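Please read the structure below before turning to the comments.
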Ligand SMILES: Cc1cc2nc3c(=O)[nH]c(=O)nc-3n(C[C@H](O)[C@H](O)[C@H](O)COP(=O)(O)OP(=O)(O)OC[C@H]3O[C@@H](n4cnc5c(N)ncnc54)[C@H](O)[C@@H]3O)c2cc1C
């Protein structure tokens with residue numbers, strides 16, 4: 001790890017000021033990705049601006065028909081939240097299968113969403129539920145937020161403050177986890193809104209970024225059944241390939257995970 005300065009932010013404005021004054025400062029949330037990357041010398045920020053003391057960015061509340069979760073809320077708090085379990089149990093379940101207890105007690109929603117790891121769980125729920133990402137300067141729709149591998153719509157000095165998830169009528173998440181890290185090799189999130197007139201199917205882990213499978217969404221709008229998506233195949237071109245799974249295997253897993261999620265909803 002290279003040398004760096006550490007600053008514990010006292011407010012979002014304070015974090016932005018220090019970020020603006022540094023050459024290559026980085027926000028620190030749970031540190032579950034940033035610190036290992038620094039230890040491996042793959043990142044060398046000159047300043048770390050710790051958001052850990054910003055209680056205004058922690059918490060879960062219901063606002064009209066949305067569940068709004070502060071960016072600094074850790075995965076374990078989402079997993080165990082009575083509010084999330086009541087209104088979006090699929091989101092609580094998703095948070096509960098991220099990594100291990102240590103990761104779930106340190107890693108945050110904002111850190112995960114900002115990091116946009118192609119193999120992370122939250123992007124599937126953010127896009128699957130059509131969430132809105134709130135930053136210090138604007139609201140960004142989930143469909144516009146994730147651009148590519150570790151790339152989002154966030155500008156250089158923009159801080160995610162919360163994510164607002166519209167409450168679905170029903171939803172489910174199924175993932176095929178990497179047996180070591182628990183990151184999804186492929187994860188599929190399905191959500192139903194407006195009495196079945198709006199269905200969203202989002203996939204994480206398969207490609208450079210989370211994406212929706214519109215062919216499945218259309219088929220499910222016509223007939224909400226496992227049979228409706230049984231013969232839909234997803235093109236493996238441009239899919240991720242590594243020692244854990246080929247592109248074709250990931251494409252196959254999308255069908256399997258989608259059917260499992262659908263069975264859970266049905
Ligand atoms: C062993 C292990 C297993 C894991 N398994 C899984 C898994 O199964 N599924 C999964 O989805 N994830 C997994 N993770 C990742 C983990 O869940 C964290 O969510 C993730 O590391 C990022 O969150 P963090 O709070 O630790 O962010 P940090 O590491 O602190 O920050 C990550 C990046 O986001 C930026 N950032 C942080 N907060 C904000 C903000 N509010 N606004 C703007 N930018 C911000 C930081 O500057 C940094 O660039 C795993 C991690 C580990 C170490």
### Task
State whether the residues of region 35-58 include one that is more than 25 Å from residue 187 (Cβ to Cβ), surrounded by fewer than 19 Cβ atoms within 10 Å (Cβ to Cβ), touching a helix residue (DSSP H, G or I) at 6+ places or on another chain (Cβ under 6 Å) and not assigned by TED's automatic domain parsing to the domain that holds residue 175.
yes
### Summary
Note on region 65-76: residues in contact with a strand residue (DSSP E or B) (Cβ under 7 Å, 6 or more places away or on another chain) and not in a strand (DSSP E or B) are 65, 71, 72, 73
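Condition test on residue 222, is it at positive phi, assigned by TED's automatic domain parsing to the domain that holds residue 236, away from the ligand (no atom under 16 Å from the Cβ) and surrounded by fewer than 24 Cβ atoms within 10 Å (Cβ to Cβ)?
So residue 222 fails the test.
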### Message
Quick test for you: out of 115, 105, 136, 77, pick the one residue that is within 13 Å of the ligand (Cβ to nearest atom) and under 10 Å from the mean Cα position of the chain (by Cα).
### Response
115
#### Entry: Selected residue [more than 15 Å from the chain's Cα centre (by Cα), more than 27 Å from residue 57 (Cα to Cα) and touching a residue at least 60 places away in the same chain (Cβ under 8 Å)] from 256, 185, 213, 226
256
### Task
For residue 158, state whether it is over 16 Å from the mean Cα position of the chain (by Cα) and outside the structural domain of residue 138 (by TED's automatic domain parsing).
no
### Message
Pull out all pairs, ordered by first then second residue, where Cβ-Cβ is under 7 Å, the residues are six or more apart or on different chains, the first lies in region 101-126 and is within 15 Å of residue 175 (Cα to Cα) and touching a residue at least 60 places away in the same chain (Cβ under 8 Å), and the second is assigned to a helix (DSSP H, G or I) and near the ligand (Cβ under 7 Å from one of its atoms).
### Response
120/112
### Query
Just to be sure, is residue 229 touching a helix residue (DSSP H, G or I) at 6+ places or on another chain (Cβ under 6 Å), assigned by TED's automatic domain parsing to the domain that holds residue 73 and modelled with pLDDT of 95 or more?
no
### Message
All but one of (1) over 22 Å from residue 107 (Cβ atoms); (2) assigned to a loop (DSSP other than H, G, I, E, B); (3) touching a helix residue (DSSP H, G or I) at 6+ places or on another chain (Cβ under 9 Å) hold for residue 62; state the number of the condition that does not hold.
### Response
(2)
### Message
For the list (1) within 11 Å of the ligand (Cβ to nearest atom); (2) surrounded by 20 or more Cβ atoms within 10 Å (Cβ to Cβ); (3) farther than 22 Å from residue 100 by Cβ, I need the number of the one condition that residue 72 fails.
### Response
(3)
### Query
Do you know which residues across region 172-198 are more than 17 Å from residue 89 (Cα to Cα) and part of a strand (DSSP E or B)?
176, 177, 184, 185, 186, 198
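For region 1-34, give me the residue count where each residue is part of a loop (DSSP other than H, G, I, E, B) and over 16 Å from residue 156 (Cβ atoms).
12
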## Note on the structure
Apart from one, (1) touching a residue at least 40 places away in the same chain (Cβ under 8 Å); (2) over 14 Å from residue 165 (Cβ atoms); (3) in contact with a strand residue (DSSP E or B) (Cβ under 8 Å, 6 or more places away or on another chain); (4) not in a helix (DSSP H, G or I) all hold for residue 56; the odd one out is (4)
### Message
Show me the helices (runs of 4 or more DSSP H) entirely contained within region 77-171 in which 1 or more residues are loosely packed, with under 15 Cβ neighbours inside 10 Å.
### Response
82-87, 89-96, 101-106, 142-145
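The values are calculated or read from the model by the stated rules, or taken from the named source; none is laboratory data. Remember, it's a predicted structure, so these values are computed and weren't measured experimentally. Cβ atoms come from the backbone with ideal geometry, glycine included; neighbour counts cover every protein chain shown.
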